[in-house]
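The values are calculated or read from the model by the stated rules, or taken from the named source; none is laboratory data. Quick caveat, the model's predicted, so the values are computed rather than measured. All Cβ positions, even for glycine, are placed from backbone atoms using ideal geometry, and neighbour counts span all protein chains on display. What goes into the accessible areas is simple: the full protein's heavy atoms, side chains included, and nothing from ligands, DNA or RNA. Shrake-Rupley method; radii C 1.70, N 1.55, O 1.52, S 1.80 Å.
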Amino acid sequence: PEGAIDIDRIRRAIHSRLHLVPRFRQRLAYVPYERIPVWVDDERFRLAYHVRHTALPHPGDERVLKRLVGRIMSQALDRKRPLWEMWVVEGLDGDRFALVSKTHHCMIDGISGADLMSVILDASPEVGPGTPEPWHPRRLPTSTRLVFDETLRRAAQPPAAVRALYNAVRDPVTAWREVAEAATGVVETFAPTLSPVSPTPLNIEVGPHRRFDWTEMRVADLKAVKNVLGGTLNDVVLATVTGALRTFFAQRGLDAGELDVRAMVPVSVRSHDERGQLGNLVIQLTAPLPVRLPDPVARLRAVRETTAGLKESKQALGGEVLTAIGEWTVPNLLVQAVRLASRTRPYNLIVTNVPGPQIPLYLQGALMRTSYPVVPLFENLGVVVGLFSYNGGLYWGGNADWEHFPDLHDFILALEAAFQELQRAAEKAAARGARSANRKRSRNVVAGHAG
């Protein structure tokens, strides 16, 4: 009631939900020799280590909060503990506080992460902290047990292959079609690596420090644009990013008309039955961004044609095949193949759009007003763009290398300006459509009187 943060109550509320996400009390262990990672219970788990309490210096504006988020994301997670942290940040102006959630992407992908919000947040402001359930960590497996369990897992795979062979013999036409489609998908997945993109300021050797910035829009505004100009909401997002990159490159002294730019667009392959489960079930699609086009409507049209082609391609299937291969092949082989592909620069940045809950959510009675995603940086990718929709808002988060992108806020402003271009184009197109409809109605009325 006095306006301060009751950190003990928040920790108790989180503690009472941890049984719903058992992975959050597990850490990594490794099978000897092959160094395959597995999850084991953390016998030293302490909630206070993971749920941390801090405060912003006065005046506590969003600019200071962005800097804090950048510093938090610059610190590597301790690999000997469960790979997550939550920072409860008080002192934000406007009688607000912030919750900064940091989870390694090997534990969770965007879609399952949206579902996990229901573990910590509630649809009602009246829910109390709850009572934690007793928990006792399982005994740490010995090296011998880890090797034995991995051997059993490998031994279980040949019967699955035998069943697949049996099904192929029963229906060879269907089996051959499925194999051909899978092979085509794998080829299309790796095809972008054969034609590297243009070198841009986005593709640099990434350092350890991060810079974070954000903006917000309304989902209804993006839908209004796509309803007039065509395409999907995600097409409007990619067209907006394309326009922002064109401006950003011009500010950096580059001629966008000479650049071949592509974005990696993560897509979840999590089935409806798997929603809410931990783990990373995401594949990647590669989409060209038409930064050469000066007209915003032409950019959106080009994006629409590209994404329509991706939906008809086999890239998604190829990604699923590679994910399945990772379950039975030696992991290091797949990791090295992916690293080799990434070094050929098949794309310049990542743009990921995750749908979230469209109802207001609360943390112990406090309304969550906004939710900005922080996407991790990867090799050679100095900027990533994440989007998260929540309660009618579309929240953009830009994560970047600190040293190379002191102008990250300029890129955020360019995103806003690029979307405003699309809005103005949609308004003009809608006005032209309304005038045309009025003229048509007038002609019909005149013809009716003449008859």
_Looking at Arg145, Arg139, Arg153, can you tell me which residue is exposed (fewer than 11 other Cβ atoms within 10 Å of the Cβ), modelled with pLDDT of 55 or more and of a type in the set (D, E, K, R)?_
Arg139
*Determine whether segment 426-437 contains at least one residue that is crowded, with 19+ Cβ neighbours inside 10 Å, in contact (Cβ under 8 Å) with a residue 60 or more places away in the chain and at negative phi.*
yes
*Failed condition for Thr352, given (1) at pLDDT below 90; (2) closer than 20 Å to Thr307 by Cα, with all others met?*
(1)
_Going residue by residue through segment 11-22, is there one that turns out to be small (Gly, Ala, Ser), part of a helix (DSSP H, G or I) and more than 30 Å from Pro406 (Cα to Cα)?_
yes
*Output for segment 348-372, where each listed residue is farther than 30 Å from Val197 by Cα and part of a strand (DSSP E or B)*: Tyr362, Leu363, Ala366, Leu367
*List the number of the failed condition for Arg210; all other conditions in (1) modelled with pLDDT under 65; (2) open to solvent by less than 60 Å² (accessible area, probe 1.4 Å) hold.*
(1)
*If Phe45 passes every condition in (1) open to solvent by less than 40 Å² (accessible area, probe 1.4 Å); (2) over 30 Å from Pro141 (Cβ atoms) but one, which one does it miss?*
(2)
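Let's see how each residue does on (1) open to solvent by less than 60 Å² (accessible area, probe 1.4 Å); (2) modelled with pLDDT of 90 or more; (3) farther than 26 Å from Thr242 by Cα; (4) in contact with a helix residue (DSSP H, G or I) (Cβ under 6 Å, 6 or more places away or on another chain):
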position	(1), (2), (3), (4)
Val261	yes, yes, no, no
Ser268	yes, no, no, yes
His272	no, no, yes, no
Arg275	no, no, yes, yes
Gly279	yes, no, yes, no
Asp295	no, yes, no, no
Gly309	yes, no, no, no
Arg345	no, no, no, no
Gly356	yes, no, no, yes
_For segment 353-395, give me the residue count where each residue is among the hydrophobic types (A, V, I, L, M, F, W, C) and under 11 Å from the mean Cα position of the chain (by Cα)._
7
*Can you tell me which residues in segment 38-51 are in a strand (DSSP E or B) and touching a residue at least 24 places away in the same chain (Cβ under 8 Å)?*
Val38, Val40, Asp41, Val51
*Hits in segment 54-66 - residues which are surrounded by 14 or more Cβ atoms within 10 Å (Cβ to Cβ) and in a helix (DSSP H, G or I)*: Glu62, Val64, Leu65, Lys66
*asked:* Tell me yes or no: at least one residue of segment 404-421 is at pLDDT 90 or above, out of contact with any helix residue (DSSP H, G or I) (no Cβ under 8 Å at 6 or more places or on another chain) and farther than 30 Å from Asn203 by Cα.
replied: no
*Quick one: in segment 373-421, of everything that is outside any strand (DSSP E or B) and of a type in the set (Asp, Glu), which residue is most open to solvent (accessible area, probe 1.4 Å)?*
Glu403
